[in-house]
Amino acid sequence: LYFVEGDGMAMRYGIGVGREGFEWHGTAHIALKREWPTWTPPAPMIKRQPELAKFAGGMEPGLKNPLGARAMYLFNKGGDMGYRLHGSPEWFSIGKAMSSGCIRLMNQDIIDLYDRTSVGAKVIVM
């Protein structure tokens with residue numbers, strides 16, 4: 001992931017991306033930012049992984065939460081895309097295609113990116 005500064009300089013972060021069948025590309029914007037977010041698995045994910053039903057009401061923030069230390073919510077013209085830029089306790093997933101479409105970063109990297117990014121920032125996924 002490249003975060004391009006106003007002067008054209010860029011910060012580069014290692015990421016994990018969507019596994020086969022969950023890849024996507026396009027343009028979005030950051031609509032919401034949350035520190036230590038609650039995670040609620042979407043219904044299709046619970047259907048694929050029934051053991052996640054216990055979190056249907058949300059998983060408390062913390063080091064074991066799949067969204068990690070920060071989350072930035074991606075929206076497009078149709079609204080919430082269901083994808084996030086977020087931290088992850090699964091450091092081993094960085095550099096791999098393992099997610100359900102979200103873009104994962106190590107917690108220290110999402111904290112840095114979160115602090116550099118404003119609501120409304122454009123996101124281009126290629």
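The values are calculated or read from the model by the stated rules, or taken from the named source; none is laboratory data. Predicted, not measured: the structure shown is a model, and the values here were computed from it. Note: ideal-geometry Cβ built from the backbone for every residue, glycine included; neighbour counts use all protein chains shown.
Within the stretch 48-62, no residue that is exposed (fewer than 12 other Cβ atoms within 10 Å of the Cβ) sits with its Cβ atom under 6 Å from a residue that is among the polar types (S, T, N, Q) and modelled with pLDDT of 95 or more at 6+ positions apart or across chains. Return yes or no: is LYS64 over 12 Å from the mean Cα position of the chain (by Cα), of a type in the set (Lys, Arg) and assigned to a helix (DSSP H, G or I)? So LYS64 fails the test.
Rundown of residues vs (1) closer than 18 Å to HIS29 by Cα; (2) surrounded by fewer than 18 Cβ atoms within 10 Å (Cβ to Cβ); (3) not small (Gly, Ala, Ser), yes/no style:
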residue	(1), (2), (3)
LYS64	no, yes, yes
MET72	yes, no, yes
ARG84	yes, no, yes
SER88	no, no, no
ARG116	yes, yes, yes
ILE124	yes, yes, yes
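Report yes if some residue within the stretch 90-107 is under 14 Å from the mean Cα position of the chain (by Cα), in contact (Cβ under 8 Å) with a residue 60 or more places away in the chain and farther than 16 Å from ARG19 by Cβ; otherwise report no. Taking every residue of the stretch 90-107 in turn, at least one turns out to be under 14 Å from the mean Cα position of the chain (by Cα), in contact (Cβ under 8 Å) with a residue 60 or more places away in the chain and farther than 16 Å from ARG19 by Cβ.
Exactly one residue out of PRO37, PRO41 is out of contact with any Cys (no Cβ under 8 Å at 6 or more places or on another chain) and closer than 13 Å to TYR83 by Cα: that is PRO41.
Look at the stretch 3-40 and say how many of its residues are surrounded by 12 or more Cβ atoms within 10 Å (Cβ to Cβ), within 14 Å of the chain's Cα centre (by Cα) and in a strand (DSSP E or B). The qualifying residues number 11.
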